[in-house]
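Asker: I have a structure here, written as structure tokens, and I will follow up with some questions on it.
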Amino acid sequence: MGIPTTGLIRMGGTGERSIVQEKSGTTTGTPTVHTEVSLRGLSVDGVNDFRAGAAFIDIPGSPNQTAPYKMSDFRGYSQSFWPSSAPGSITTNETFIMDVDAADELGNDVVAATVLNMSLNTTNKTLSWFFGNDADGSFDADGTSTESTDNTNTNTITYNGTITSLEARMVYTSLTHQYSGGGDGFTSNSFAGRSWAAHHTSSHMDGSSLANNGDSASSGVQKTKLSGTDSVATRSALSGTYGYKTMRTTTGNCSIGMFATCTDVPETFDYSSAYIGPTDSGSSIYWQIRANGSEVLTIYTKTADSTARLYANTNNLPTT
């Protein structure tokens, strides 16, 4: 709503005319308890705004960061729930987002995954996030592990107000997806790999969160099969939305992501594979979060990349 442009306004107090309450996101409902309010602190990021009990509080955001500071600067001011610096930027391993190869040469089921992992801290009012990019369960023909984990850097968002609900979703457009399986001289739908969307309300996820071609999942993982009926085929481009899915409102972890899986194959020369990704022109996938039913923030968008795919592949090759 913001602070009114006319009439009385105050640094402290309660209601919509209070700068402290506007910056705290508590102009309605239970007001933020405060003492020792500082006009300089309200105005300048990095300087304490007020004291709440034994804690000194600094909430980023103001209409004027330069002296002289005036209460009138705040007329019409509205504190954004997500700060202008959000969501942050990815500086490490960005290329691995939706670009993971999990390849096995012993016939084991493997998983390729990209997951948005988040950590909420309601005391500090922060939401930290990173992408986990994971190839799980893969070995070469000599039995040497070829698993890999290429996580991005972590960004931390300091939000304003109180989170009463937190949701997340993935929105994808024209993803290429293909599934295969069989053996020497034959194909079999029962060997076909799969693709999945999944989330966890109280934990981070990685490639090990799904197993057995997605039939098994770690405790608490909720999943949806994107590949539909098992078959050996290249499918029509996949567009849709997974979510909004309810996350958490208390301090702790949560996550949402996409997975490619394949099944273990019993005989020499049997194989199983799946891939999904924004490989064609016009394809994309993005992750969004939403607080309190209306405060939407896009975390990251992966646009078309001819090599970007989650690829899970197993071949039961003869050993020497």
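The values are calculated or read from the model by the stated rules, or taken from the named source; none is laboratory data. Just so it is clear, the model here is predicted, and its values are computed rather than measured. Neighbour counts run over all protein chains shown; Cβ positions are idealised from the backbone, glycine included.
Listed here are the residues, each with its yes/no results for (1) touching a His at 6+ places or on another chain (Cβ under 8 Å); (2) surrounded by 16 or more Cβ atoms within 10 Å (Cβ to Cβ).
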{"position": "Val232", "(1), (2)": "no, yes"}
{"position": "Ser239", "(1), (2)": "no, no"}
{"position": "Gly243", "(1), (2)": "yes, yes"}
{"position": "Met247", "(1), (2)": "yes, yes"}
{"position": "Cys254", "(1), (2)": "yes, yes"}
{"position": "Thr261", "(1), (2)": "no, yes"}
{"position": "Pro266", "(1), (2)": "no, no"}
{"position": "Ser272", "(1), (2)": "no, yes"}
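Asker: Just wondering, is there one or more residues in the range 240-251 that are under 22 Å from Asn93 (Cα atoms) and not aliphatic (A, V, I, L, M)?
Answerer: No, the conditions are met nowhere in the range 240-251.
Asker: Scan the range 188-209 and report the pairs whose first residue is on the phi < 0 side of the Ramachandran plot and whose second residue is part of a helix (DSSP H, G or I), with Cβ atoms within less than 8 Å and a gap of 6+ or a chain change.
Answerer: Gly193/Asn213; Arg194/Asn213; Arg194/Gly214; Trp196/Gly214; Ala198/Ser209; His200/Ser209
Asker: Go through the range 36-51 and count every residue that is among the small types (Gly, Ala, Ser) and either crowded, with 22+ Cβ neighbours inside 10 Å or closer than 14 Å to Pro63 by Cβ (or both).
Answerer: 2
Asker: Quickly run through the range 199-227 and pick out the residues that are among the hydrophobic types (A, V, I, L, M, F, W, C) and within 13 Å of Gly132 (Cα to Cα).
Answerer: The answer is Met205, and nothing else.
Asker: Just to check your reading of the model, which residue among Ser62, Ser119 is among the polar types (S, T, N, Q), surrounded by 15 or more Cβ atoms within 10 Å (Cβ to Cβ) and in a strand (DSSP E or B)?
Answerer: Ser119
Asker: Would the range 244-257 turn up any residue that is assigned by TED's automatic domain parsing to the domain that holds Glu167 and modelled with pLDDT under 95?
Answerer: First, the residues of the range 244-257 that are assigned by TED's automatic domain parsing to the domain that holds Glu167: 244-257.
Pick out the ones that are also modelled with pLDDT under 95 and you get none.
Within the range 244-257 (the criterion being assigned by TED's automatic domain parsing to the domain that holds Glu167 and modelled with pLDDT under 95), the answer is no, since none of the residues qualifies.
Asker: Within the range 138-179, restricting attention to residues that are touching a Phe, Trp or Tyr at 6+ places or on another chain (Cβ under 7 Å) and under 14 Å from Gly107 (Cα atoms), which residue is surrounded by the most Cβ atoms within 10 Å (Cβ to Cβ)?
Answerer: Thr146
To keep it simple, each residue is scored yes or no on (1) at pLDDT 95 or above; (2) under 17 Å from the mean Cα position of the chain (by Cα); (3) at negative phi; (4) not assigned by TED's automatic domain parsing to the domain that holds Asp140.
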residue: Pro266; (1), (2), (3), (4): no, no, yes, no
residue: Ser272; (1), (2), (3), (4): yes, no, yes, no
residue: Thr279; (1), (2), (3), (4): yes, no, yes, no
residue: Ile289; (1), (2), (3), (4): yes, yes, yes, no
residue: Thr298; (1), (2), (3), (4): yes, yes, yes, no
residue: Lys302; (1), (2), (3), (4): yes, yes, yes, no
residue: Tyr311; (1), (2), (3), (4): yes, no, yes, no
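Asker: Which residues, taken from the range 214-224, are surrounded by fewer than 16 Cβ atoms within 10 Å (Cβ to Cβ) and not small (Gly, Ala, Ser)?
Answerer: Matches in the range 214-224: Asp215, Gln222, Thr224.
Asker: Would you mention how many residues in the range 221-244 are closer than 23 Å to Gly282 by Cβ and assigned to a loop (DSSP other than H, G, I, E, B)? Can you show your working first?
Answerer: Taking the range 221-244 and keeping what is closer than 23 Å to Gly282 by Cβ, we get 226-228, 233-243.
Within this subset, residues satisfying the condition of being assigned to a loop (DSSP other than H, G, I, E, B) are 226-228, 235-237.
Counting residues in the range 221-244 that are closer than 23 Å to Gly282 by Cβ and assigned to a loop (DSSP other than H, G, I, E, B) gives 6.
Asker: Now for a different question. Among the candidates Glu94, Glu16, which residue alone is of a type in the set (Asp, Glu), under 30 Å from Gly293 (Cα atoms) and under 31 Å from the mean Cα position of the chain (by Cα)? Break it down into steps so the answer makes sense when it comes.
Answerer: Working: Glu16 fails: under 31 Å from the mean Cα position of the chain (by Cα).
When all the criteria are applied, what remains is Glu94.
Asker: Shifting gears a bit: Please name all residue pairs, on different chains or six or more residues apart, with Cβ atoms under 9 Å, provided the first residue is in the range 21-46 and is assigned by TED's automatic domain parsing to the domain that holds Pro60 and touching a residue at least 24 places away in the same chain (Cβ under 8 Å) and the second residue is part of a helix (DSSP H, G or I) and acidic (Asp, Glu).
Answerer: From the range 21-46, the pairs are Ser43/Asp73.
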